[in-house]
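Scroll down for the structure; my scribbles are underneath it.
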Amino acid sequence: MTTFDEILVEAGEFGRFQKCVFGLFCLVSIPCAGVFVGIVFQGFTPEHWCRNPVVEDLRGKCGWTLEEERKYTVPLINTTTGPAYSQCQRYDVDWNSTIGCSSPQLNFTVNYGNDVPLTTCQDGWVFDYKQRSSFVTEFNLVCSDAWMVDLFQSILNLGVLMGTIVMGYVADRYGRKLCFLVSTLANAITGILVAVSPNYIALVIFRGLFGFAMKGGWVTGYVLLTELVGVDYRRTVGIIYQMFFSVGILILPLIAYLIPNWRWLQVAITAPYFFFLLYYWWIPESPRWLLSQKRPSEAVTLAKEISKVNGKTLSKNVEALTDDNEELLRPSFLDLVRTPKMRKHTFILMINWFTSAVVYQGLIMRLGILGGNVYVDFLISGVVEFPAAFLIIVTIERMGRRIPFTLSNIVSGAACLIAAFIPADEYWAKTLTACIGRLGITIAFQMVCFVNAELYPTFVRNLAVSVCSTLCDIGGIVAPFLLYRLAVIWLELPLVIFGILAFIAGGLVLLLPETKGRPLPETIDDIENPKRTKETKTYQLVTLLPSDVTTNKVSTSV
């Protein structure tokens, strides 16, 4: 019996074949940034106030500026940051009989005293968006309807939550390649439907369907790459694959600046998925999945193709290529919780997925409520992510997975807590600390993905990553409400919550086993009894060696 890991050593663990597939899948990560955090631009809420049609007419007649129109339309109110114009109330006065072009506010006092009546924004709002269009301005999602912006983001993650479970099963049951292509086709169709949504109800429905398809393709690509390369390359492949999400973060503000209309921005985000459909001719099925489904002849054919492209020659052992499992294994959710170690891994990884999503998405969306130049701020936040990939590569080579994973969570948590209590006028100190927090959670987010893939056997690996990452999607559902609603109470309160969650997640990581340098597990027994499994495989390898080689080794040892 010959395992795929042994054949991969002969065929090339990361040769030209794997590099081509790897390059193709890295492109898949780029538009994912626009899908997940494009709300910063698509759901941008500009400065706004109640519209009064009469005042608009008077502005033209009296020659008022836009600022004067607002001054005469809405009252000043006290906020946590000082006096500000109301965004949800306006003066309820009879302009036709009471107010003229000169000294409107003096006339308010003459006619109503100090108790000028107020009313809600019955005629809509005026948006000072400087030629930028968002679904917020189009559908008037402000004041009492502001929660609908939160729902727009949460419904995406709800779709992702449902989709990752379904697509995870599809990938383990029907193959990685089929799952990726189905997800990509669904992304292309639903993404365009989002762009042409005629109203808010249609928008959230199509947004949810978009999320349903999106992550299934991304996770499947990640798992396929992990199963296609040798053990020594898994970490680099996984890290760089995720780093291309950060490339998307850098590209997104440029695209959003050039395309200020939210509908056309959605089209730009969706367009790459039509190109990804060409992958039908360019990517292979996972050989490990083929073996787990008792299809060794197809796995052998693929192994030969890999070796040919890589310029290698396979030994006759390839004909004995088979899976370690004696039975055809079907993935089941119960496999993730049935045994003690699998159950522990699942629980800890779920907590870390949840924390990474809440803190990461929360810190990004926070940029949209701080004021300033959102394009520049978003670009800086994207640049901060790049050192994460290099820090991971350097640290896990020397320290393994567990310690860097733990420290990244703790550093992020500490930075969030410190930033929350730095005075607002200490802008650069606050910004630098927040950037450290962003860097830490980026490292944690990248590590949870490839550690998740390394802790589960082949037949259930895609399902395990999908199920565990559902907590990431739940975190994405919670994050908008957690950020926007708590920020109304105290702008820095979300940072305190982020810090506490990161500390808890970091502590739990210490309970996970180290996976550095270990081959991917093939069965649940490899997880529950790693030492016994290693001894068994060593014995099997020795018995497969030619007798003269075995004799020479024995003689040498004697």
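How big is the dipole moment of region 134-257 about its Cα centre under a simple scheme where the beta carbon of each Lys and Arg is +1, that of each Asp and Glu is -1, and everything else is neutral? Debye, nearest 20, please. Don't skip to the answer; put the middle values down first.
Details: 7 positive and 6 negative charges, 81 e Å.
My answer is approximately 380 debye.
The Cα-based radius of gyration and maximum Cα-Cα distance (Dmax) for region 251-298 are 18.6, 53 Å.
A 1.4 Å probe over all protein chains sorts LYS215, LYS344 by accessible area into LYS344, LYS215, starting with the largest.
How much area per residue is accessible in region 1-94 when the probe is 1.4 Å and only protein heavy atoms are counted (Å²)? Working shown, then result.
Details: 3950 Å² over 94 residues.
Per-residue accessible area for region 1-94 comes out at 42 Å².
Applying the Karplus relation 6.51 cos²θ - 1.76 cosθ + 1.60 with θ = phi - 60° to region 294-302 yields 3J(HN,Hα) values of 6, 10, x, 5, 5, 5, 5, 4, 5 Hz, where x marks Gly and Pro.
Per the Cα gyration tensor, region 115-258 maps to an equivalent ellipsoid with semi-axes of 39, 18, 13 Å, ordered largest to smallest. Put simply, the Cα atoms of region 425-531 extend 56, 26, 17 Å along their principal axes, the longest span coming first. Each of ALA11, PRO198, GLY506 was placed along the dipole of the chain (beta-carbon charges, centred on the mean Cα), and the one lying farthest toward the positive end is ALA11. Look at the Cα gyration tensor of region 430-490: its axes a ≥ b ≥ c give a/c of at least 1.5 with a/b at or below b/c, and that counts as oblate. Working from Cα pairs under 8 Å separated by at least six residues, relative contact order for region 141-269 is 30 percent. Amide H contacts of SER133: ASN261, TRP262, each under 5 Å away and 5 or more positions distant or on a separate chain (H built 1.01 Å from N in the peptide plane; Pro and chain starts excluded).
Please list PHE275, PHE139, PHE41 in order of solvent-accessible area, largest first, computed with a 1.4 Å probe with all protein chains present.
Working: PHE275 85, PHE139 45, PHE41 10 Å².
Correct descending sequence by accessible area is PHE275, PHE139, PHE41.
At the residue level, ASP473 shows approximately 0 square angstrom of accessible surface with a 1.4 angstrom probe and all protein chains present. Charges were assigned to the Cβ only: +1 to each Lys and Arg, -1 to each Asp and Glu. The resulting dipole of the chain about its Cα centre is roughly 1160 debye.
Hydrodynamic radius of region 153-194 by the Kirkwood approach over all distinct alpha-carbon pairs: 10.9 Å.
Amide H contacts of THR515 (H built 1.01 Å from N, in plane; Pro and chain starts excluded): ARG401, ARG402 sit under 5 Å, all sequence-distant by 5 or more or on other chains.
Give the carbon-plus-sulfur fraction of the accessible surface of region 1-82 in %, rounded to a whole number; probe 1.4 Å, heavy atoms of protein chains only.
Working: 1800 of 3330 Å².
Within region 1-82, the accessible surface is 54 percent carbon and sulfur.
Relative to one another, the C-alpha centroids of region 218-292 and region 171-205 are positioned 15 Å apart.
Is the C-alpha gyration tensor of the chain telling us rounded, prolate or oblate? Criteria: a/c under 1.5 is rounded; beyond that, a/b larger than b/c is prolate, otherwise oblate.
On the way: a/c = 3.08, a/b = 2.35, b/c = 1.31.
Because a/c hits 1.5 or more and a/b exceeds b/c, the chain counts as prolate.
Got the relative contact order for region 373-444 handy, in percent, Cα pairs under 8 Å and 6 or more residues apart? Walk me through the numbers before you get to the answer.
Values: 56 pairs, mean separation 30.9, N = 72.
This gives 43 percent for region 373-444.
In terms of the mean number of neighbouring beta-carbon atoms within 10 Å, the peptides 486-496, 282-292 order highest first as 282-292, 486-496.
Over region 6-69, the alpha carbon radius of gyration divided by the compact-protein estimate 2.2 N^0.38 Å works out to 2.63.
When the solvent-accessible surface of protein heavy atoms is calculated with a 1.4 angstrom probe, in what order do TYR169, TYR279 fall, highest first? Could the numbers behind the result be given before it?
Numbers: TYR169 95, TYR279 0 Å².
Output order, biggest surface exposure first: TYR169, TYR279.
Legend: calculated FRET efficiency, ALA202 to VAL166, from the Cβ-Cβ distance at R0 = 25 Å, rounded to 0.05, equals 0.65. Which whole-number percentage describes the relative contact order of the chain, with Cα contacts under 8 Å and a sequence gap of 6 or more? It comes to 21 percent, rounded to a whole number. Taking amide H as placed 1.01 Å from N in the peptide plane, TRP125 has its amide H under 5 Å from the amide H of ARG51, each at least 5 places away in sequence or on another chain. Can you run phi through the Karplus equation (6.51, -1.76, 1.60; θ = phi - 60°) for region 251-262 and list ³J(HN,Hα) in whole Hz, with x for Gly and Pro? With the stated coefficients, region 251-262 comes to 6, 4, x, 5, 5, 5, 5, 7, 10, x, 8, 5 Hz.
What is the Cα centroid distance between region 395-420 and region 447-473, reported in whole angstrom? Result: 20 Å between the Cα centres.
The values are calculated or read from the model by the stated rules, or taken from the named source; none is laboratory data. Predicted model, so just to flag it, every value in this text is computed and none were measured. Quick reminder, even Gly has a Cβ in these numbers, built from the backbone with ideal geometry, and neighbours come from all protein chains shown. Accessible surface is based on the protein model in full, side chains and every heavy atom, while ligands, DNA and RNA are left aside. Shrake-Rupley method; radii C 1.70, N 1.55, O 1.52, S 1.80 Å.
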